[in-house]
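Below you'll find the structure, written out as structure tokens, and then a few comments.
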Amino acid sequence: MSPERFAGKPAGELISPAENTWCPGCGNFAIQHMMKSAIAELSEEEGIPLENFVLLGGIGCHGKLVDYVNVNSLYGIHGRSIPAATGIRLANPDLRVICHVGDGDIYAEGLDHLIFAAKRNSDITVIVHDNRVYGLTTGQYTPTSPFGFRGRSTPGGITEHPINPLAVMLAAGATHIARGYTKKVRHLKDLFKEAIMHRGFSFIDVLQICATYFNLTDYYNAHTYEMQEGEVDTGRFEGALAKVREWDYDREAPIALGTFYSVEKPVYEEKFQAPIAGRPDRRELVRKVLEEWR
């Protein structure tokens with residue numbers, strides 16, 4: 001997209017004219033508006049051009065967000081937005097690449113891509129809309145649904161326990177791990193900004209309300225709390241792991257919100273560039289081709 005499309009664009013115009021089809025009360029509205037605000041503020045505060053933000057979505061209700069925020073975007077198929085994101089980041093290191101994915105989308109079909117992107121410390125941001133149910137297909141269970149969950153395909157209740165995605169990401173090598181909640185919007189926006197600015201693989205699991213098929217508003221309101229500064233040493237693996245394990249997405253326990261882990265390590269894309277040193281600048285070649293077609 002040309003920079004002229006974004007020049008002087010106020011935050012309000014980052015919302016596209018596409019008709020919104022989410023259910024009333026859906027937590028995706030909060031994620032959409034806080035993402036828009038985070039992008040607008042980072043553009044102003046950090047001087048990042050709006051055309052340098054790229055959003056990717058997967059399959060599920062969450063994926064519609066890329067239609068509703070008016071920046072460069074790409075749809076991936078189920079679980080496959082992350083490999084597309086890493087390719088985009090490799091091709092253009094100036095871009096801020098942000099994946100919006102769902103718990104069924106990325107913890108089931110796309111779990112392999114998620115783990116390997118974390119392992120490589122790819123410089124992308126992954127935001128999981130974790131409503132703990134397949135909302136788009138009307139209520140089946142996902143890898144984070146609690147034991148006993150009754151859905152369209154499991155009316156008698158499931159007999160397996162959920163994964164703890166934060167623990168999985170910590171073990172996989174993610175260098176920035178956080179959890180947010182869609183009823184705490186300002187806190188959510190700050191988590192988004194922090195993750196986008198982190199150098200390396202950033203991961204946020206967002207407890208997102210599905211008002212139609214699995215409304216956990218009362219439960220989350222009663223159990224979630226924002227961690228205070230110094231409550232967890234975000235530079236220590238052991239401390240982060242202990243905090244991550246306080247709630248396992250199943251049993252009754254306080255649910256911590258905030259950043260659990262954040263460290264600096266070599267970024268995959270920067271190491272990947274070494275073998276092609278000395279070759280012609282790809283972007284300049286692409287620019288020349290485009291100019292010839294004008």
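The values are calculated or read from the model by the stated rules, or taken from the named source; none is laboratory data. Values in this document were obtained by computation on a predicted structure and should not be read as measured data. Ideal geometry is used to build each Cβ from the backbone, glycine not excepted, and the neighbour counts take in all protein chains shown. Just so you know, the surface numbers come from the protein's heavy atoms only, side chains and all, with ligands and any DNA or RNA stripped out. Shrake-Rupley method; radii C 1.70, N 1.55, O 1.52, S 1.80 Å.
Residues checked against (1) in a loop (DSSP other than H, G, I, E, B); (2) at pLDDT 95 or above; (3) open to solvent by 90 Å² or more (accessible area, probe 1.4 Å):
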position: Y249; (1), (2), (3): yes, yes, no
position: G258; (1), (2), (3): no, yes, no
position: Y261; (1), (2), (3): no, yes, no
position: E264; (1), (2), (3): yes, yes, yes
position: E269; (1), (2), (3): no, no, no
position: P275; (1), (2), (3): no, no, yes
position: G278; (1), (2), (3): yes, no, no
position: V286; (1), (2), (3): no, no, no
position: E292; (1), (2), (3): no, no, yes
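So which pairs qualify, if the first residue must be in the range 99-125 and farther than 15 Å from R89 by Cα and assigned to a helix (DSSP H, G or I), the second must be aromatic (F, W, Y) and open to solvent by 10 Å² or more (accessible area, probe 1.4 Å), the Cβ gap must be under 7 Å, and the two must be at least 6 apart or on different chains?
G104/Y134
Within the range 150-167, count every residue that is touching a residue at least 60 places away in the same chain (Cβ under 8 Å) and either open to solvent by 10 Å² or more (accessible area, probe 1.4 Å) or hydroxyl-bearing (S, T, Y) (or both).
Number of matching residues: 6.
Restricted to the range 168-181, and to residues that are of a type in the set (V, I, T) and either in a strand (DSSP E or B) or open to solvent by 10 Å² or more (accessible area, probe 1.4 Å) (or both), which residue is farthest from S262 (Cα to Cα)?
Selected residue: V168.
Check whether at least one residue in the range 66-74 is among the aliphatic types (A, V, I, L, M) and surrounded by fewer than 20 Cβ atoms within 10 Å (Cβ to Cβ), and report yes or no.
The answer is yes; a qualifying residue exists.
Working only within the range 32-56, note down all residues that are in contact with a Ser or Thr (Cβ under 6 Å, 6 or more places away or on another chain) and either within 19 Å of V206 (Cβ to Cβ) or not in a helix (DSSP H, G or I) (or both).
L55, L56
For the subset of the range 220-247 comprising residues that are farther than 30 Å from N92 by Cβ and either touching a Lys or Arg at 6+ places or on another chain (Cβ under 6 Å) or of a type in the set (S, T, N, Q) (or both), which member is most open to solvent (accessible area, probe 1.4 Å)?
Once the filter is applied, the top-ranked residue is Q228.
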